[in-house]
Structures are given as structure tokens and as C-alpha cells.
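The values are calculated or read from the model by the stated rules, or taken from the named source; none is laboratory data. Because the structure is predicted, anything quoted here is derived from the model rather than measured. Virtual Cβ from ideal backbone geometry, glycine too; neighbours counted across all protein chains shown. For the accessible areas, the whole protein counts, side chains as well, though only heavy atoms, and no ligand, DNA or RNA atoms are used. Shrake-Rupley method; radii C 1.70, N 1.55, O 1.52, S 1.80 Å.
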Amino acid sequence: MKIDLFDFHLPEELIAQTPLEQREASRLMVLNKETGNLTHEPTFRSILDYVKEGDCLVLNDTRVLPARLFGVKSETGAKIEVLLLKQLEGDTWETLIKPAKRVKEGTVVSFGDGRLTAICTGESEHGGRKLDFRYEGIFYEVLDSLGEMPLPPYIKEQLEDRDRYQTVFARETGSAAAPTAGLHFTEELLDALKDKGVHTAFITLHVGLGTFRPVSVDSVEEHDMHAEFYQMSEGTARLLNDVRSNGGRIITVGTTSTRTLETIARDHGEFKEASGWTNIFIYPGYKFAAIDGMITNFHLPKSTLIMLVSALAGRENVMHAYEEAVNQKYRFFSFGDAMLIL
């Protein structure tokens with residue numbers, strides 16, 4: 001299957017550079033995955049009209065690290081940008097570095113006038129670097145004072161309130177990027193869903209390198225997904241099994257929640273307490289075992305994310321929906337509008 005099948009023209013002005021003042025104010029496109037029919041809703045809060053008592057929304061409670069650091073090489077003073085991707089062991093992290101060619105094994109990088117230092121201990125896959133950090137105190141507190149939010153490269157504007165790149169239910173620190181479909185929810189909307197009898201369940205998937213890697217092969221089947229850590233609690237597993245047995249629908253919020261549930265269903269045949277690393281790659285032809293619907297944002301052309309959405313709703317339906325989104329001037333990507341697939 002050719003990557004070009006998932007390409008489309010996207011005017012640059014439709015890439016949302018900043019979040020809307022109100023999280024719920026994003027528009028919502030509803031796609032019927034059986035018929036391809038589209039419905040346009042003025043705000044995301046209209047999600048209340050499409051979920052029913054007994055349904056369950058599954059949200060990713062990962063919390064984004066302020067994972068972008070700016071430092072200098074101790075020897076030369078050359079400027080170095082570091083993006084933390086994955087904690088490997090103790091204070092050793094897998095990172096992306098710019099410019100990577102300046103950082104070789106043994107290189108020392110200093111951040112914040114020496115409050116944090118890192119020694120390169122080797123290369124990792126896909127051109128990354130392993131860094132061993134040194135500091136006094138608590139690492140996450142140091143990182144919180146020195147780091148910046150790792151906004152995707154297509155966002156050029158500075159983020160004034162970095163909490164807007166966190167979901168309101170974020171609690172498990174470890175992501176290099178936000179699970180952006182969850183950014184549309186407010187505490188008030190979650191309460192309204194509960195009042196309607198809609199369940200909410202939480203899983204964790206820490207978003208890693210795969211979010212930043214473009215698909216660089218010609219054929220979909222040749223792409224290699226990067227592994228990301230996930231976990232599901234016993235309580236979430238029990239709730240999802242109860243919802244399924246009682247005839248409710250399981251609707252994931254975002255591709256990360258989708259990949260987590262499908263990984264567990266594939267490996268165990270049911271929902272159960274589990275944790276580990278997943279590199280599941282979902283594209284058309286995949287048979288879903290865990291979910292009935294999904295809430296997601298509008299994604300990059302030729303990305304693994306649009307491939308996953310196409311697997312759920314059909315490639316032709318999705319490409320038509322994206323063409324309509326462009327025509328209707330929907331906002332795209334992390335701070336953009338939302339799509340509900342049922």
C-alpha cells in the first residue's frame with residue numbers, strides 16, 4: 001500500500017498555531033464510518049449529543065514533560081537543543097539532539113548555568129543520543145524550571161500558558177507530546193458526561209519518538225513504529241469488560257488510547273491489567289478488536305495517524321472527510337478541531 005494514498009493538500013494557514021481561548025470551542029466533525037456521512041457541529045460540546053448512557057470514553061492520562069532543553073557544550077560553548085523522549089534507566093534518557101553531529105560519546109552538555117548537566121553515553125536508534133543526567137535535588141523539579149513544552153515543529157508560535165498543552169486529566173508524567181484529542185475536554189464537560197451516564201476510563205501511554213518521525217518509506221508496510229510504554233489498571237480493565245458485556249460502546253479519545261486498547265485486546269483477548277511497550281501499527285486492513293468509535297484531531301498528510309483513522313473509518317471516507325475539512329476551513333493538528341468517528 002503506497003504512502004501517497006494518504007496524501008492531501010493542506011493550506012498552511014489551516015495549521016492551528018495557538019489553542020482557542022476555550023477548550024470546548026473547537027469545532028466537531030462527525031463521521032459515520034459505515035456510510036461516510038458527515039455532520040458538522042459548531043462546538044466540541046456537541047459530543048454530548050452522540051454518546052449514550054452506558055457508553056465509555058477512554059482517555060490517556062499521560063502528562064507531558066517540559067522536555068525541550070537548551071544548553072551548551074561544556075568544552076566549546078556551542079548551543080545544543082535536547083528533546084527528552086524516553087527514560088531508559090535511572091537518570092539515563094533517550095533523546096533527540098540538534099545538531100546531533102556535535103554530540104558524540106563523552107560530550108558534556110550544561111543547562112541552566114550548570115544546574116543540570118548531561119554526558120552522552122552513546123547513540124540510540126534513528127539517530128538519537130543517550131544522555132546521563134547529573135543534578136542536585138529532584139529531577140522533575142529541575143526540569144520544570146529549565147525545560148520548555150516540546151511543541152511539534154509545525155507550531156511556530158510561543159505557547160503563553162503551557163498548561164494548554166496538557167489535558168485537564170493529565171497525571172502520569174512521561175510524554176514527549178500531548179495526547180491532543182484530549183485537549184478539548186474540560187472538567188465541566190466531563191461532569192456533564194457523567195451526569196448523562198457515560199463512563200470515563202483512563203489508560204496511560206507515554207507518547208514518544210514515533211510522534212516526531214515522518215514516514216520516510218514509499219510503502220506503508222515497510223514503516224517501523226517506535227515502541228511506547230503503556231499501562232492499564234485492573235479497575236479500567238474491569239470497567240471496560242463490564243461496558244462491553246452490557247452492550248455499551250467503547251469510544252477512545254485519541255490514537256494513543258486506541259493503540260493501547262488494541263494492543264491489550266490483541267495480546268490477551270480481553271481487557272485486563274497490563275503494562276509494557278507497544279509498537280502496534282494500525283493501517284487499513286487491520287481488524288479492530290477493542291473499540292467501537294474514536295475521537296481524534298485532524299492529522300498530517302501521509303502520517304501514521306491518518307492511516308490509523310483510515311483503518312477505522314475507511315480510507316475513502318477519511319480522505320473525503322479531510323477534503324471537506326479543508327474546504328470548511330477546519331483547524332488542523334495539535335491545537336485544531338476534532339473528529340468523532342462512530
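Give, in whole angstrom and from largest to smallest, the semi-axes √(5λ) of the equivalent ellipsoid of the stretch 79-235, with λ running over the eigenvalues of the Cα gyration tensor.
Equivalent ellipsoid semi-axes, largest first: 31, 21, 16 Å.
What residue among Leu116, Leu96, Leu183 shows peak mean-square fluctuation when the chain is described by a Gaussian network model with Cα springs under 10 Å?
Comparing Leu116, Leu96, Leu183 in a Gaussian network model of the chain, the most mobile one is Leu116.
Using all Cα-Cα distances in the stretch 289-342, what percent lands in each 5 angstrom bin from 0 up to the longest?
5, 19, 33, 28, 12, 3, 1
With a 10 Å radius around each residue's Cβ, average the other Cβ atoms per peptide and rank 120-128, 136-144, highest first.
Order by mean packing, descending: 120-128, 136-144.
Semi-axes of the equivalent ellipsoid for the stretch 210-342, please: Cα gyration tensor eigenvalues, times 5, square-rooted, ordered largest first, whole Å.
Taking √(5λ) for each Cα gyration eigenvalue gives 26, 18, 13 Å.
Can you tell which of Leu69, Ile264, Ile203 lies farthest toward the positive end of the dipole of the chain, using +1 and -1 charges on the Cβ of basic and acidic side chains (Lys, Arg; Asp, Glu)?
In the chain, that residue is Leu69.
With N set to the number of residues, divide the alpha-carbon radius of gyration of the stretch 1-114 by 2.2 N^0.38 Å and report two decimals.
Against the empirical 2.2 N^0.38 Å value, I get 1.67 for the stretch 1-114.
Pick from Asp191, Asp292, Asp132: which residue has the top mean-square fluctuation in a GNM of the chain where Cα pairs under 10 Å get a spring?
Result for the chain, Cα springs under 10 Å: Asp191 fluctuates most.
In whole angstrom, how far apart do the alpha carbon centroids of the stretch 135-181 and the stretch 1-35 sit?
Between the Cα centre of the stretch 135-181 and that of the stretch 1-35, the gap is 23 Å.
One quarter of the convex hull surface, Cα atoms only: what value does that give for the stretch 253-323 in nm²?
Dividing the Cα hull surface by four gives the mean projection, 4.9 nm².
Please report the spacing between the Cα centers of the stretch 267-305 and the stretch 62-105 in Å, no decimals.
Taking the Cα centre of each part, the stretch 267-305 and the stretch 62-105 sit 29 Å apart.
How are the alpha carbon pair distances in the stretch 104-178 distributed across 5 Å bins from zero to the largest one, expressed in percent?
Bins of 5 Å from zero give 3, 12, 18, 20, 21, 18, 8, 1 percent of pairs.
With a Förster radius of 41 Å, plug the Cβ-Cβ distance of Val217 and Glu75 into 1/(1 + (r/R0)^6) and report the FRET value to the nearest 0.05.
That pair, Val217 with Glu75, gives E of 0.65.
Restricting things to Cα coordinates, could you compute the convex hull volume per residue of the stretch 147-231 in Å³?
With only Cα atoms used, the stretch 147-231 gives 145 Å³ per residue.
Highest first, please rank the peptides 250-258, 166-174 by the mean number of other Cβ atoms sitting within 10 Å of their residues.
The peptides rank, most packed first, as 250-258, 166-174.
Taking a 1.4 Å probe, which of Tyr322, Tyr154 shows the most accessible area, and what order do the others take after it?
Most to least solvent-accessible, the answer reads Tyr154, Tyr322.
Report, in debye and to the nearest 20, how large the dipole of the chain comes out about its Cα centre when Lys and Arg carry +1 and Asp and Glu carry -1 on their Cβ.
420
Using amide H atoms built 1.01 Å from N in the peptide plane, name the residues 5+ places from Met339, or on other chains, whose amide H lies under 5 Å from its own.
Met29, Thr296, Asn297
Just to verify a number: what accessible area does Arg164 come out at with the full protein assembly present, 1.4 Å probe, Å² rounded to tens?
For Arg164, the solvent-accessible surface is approximately 40 Å².
Which order do His268, His226 take when ranked by solvent-accessible area (1.4 Å probe, heavy atoms of all protein chains), largest first?
Ranked from most to least accessible, the order is His268, His226.
Would you look at the GNM of the chain, springs on alpha carbons closer than 10 Å, and say which of His320, His199, His299 moves the most?
His320
Once you wrap a convex hull around the alpha carbon atoms of the chain, what is its projected area averaged over all directions, in nm²?
Approximately 17.3 nm², given one-decimal rounding.
Can you give the translational diffusion coefficient of the stretch 49-161 in µm²/s, computed by Stokes-Einstein from the Kirkwood radius over Cα pairs at 37 °C and 0.692 mPa s?
211
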